[in-house]
Amino acid sequence: MNLKRTFGTVLTVLGIIGLIYTGVQIIQHTGAATTLIVIGVISIIFFSTGISLIRNTKDEA
């Protein structure tokens, strides 16, 4: 079991959830703009970091 790949998957899923939440809040016009920007930026960071971990981790058999 590769811990880096698992952690990358968790970060990617959290990033996707955060981006979906931000998108829904923007469409519904609820929530403060500053809060949505912060959540969106953190979600993008989580998503990109997770994808990077998954992509750059080599498989060990």
Inset, instruction - Go through the residues of the range 44-52 one by one and say whether even a single one is exposed (fewer than 14 other Cβ atoms within 10 Å of the Cβ) and modelled with pLDDT under 95. - result: yes
Legend entry - Unmet requirement for A32, which otherwise passes all of (1) surrounded by fewer than 13 Cβ atoms within 10 Å (Cβ to Cβ); (2) under 9 Å from the mean Cα position of the chain (by Cα): (2)
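The values are calculated or read from the model by the stated rules, or taken from the named source; none is laboratory data. Predicted, not measured: the structure shown is a model, and the values here were computed from it. Don't worry about glycine lacking a Cβ; one is built from the backbone with ideal geometry, like all the others, and counts go over all protein chains shown.
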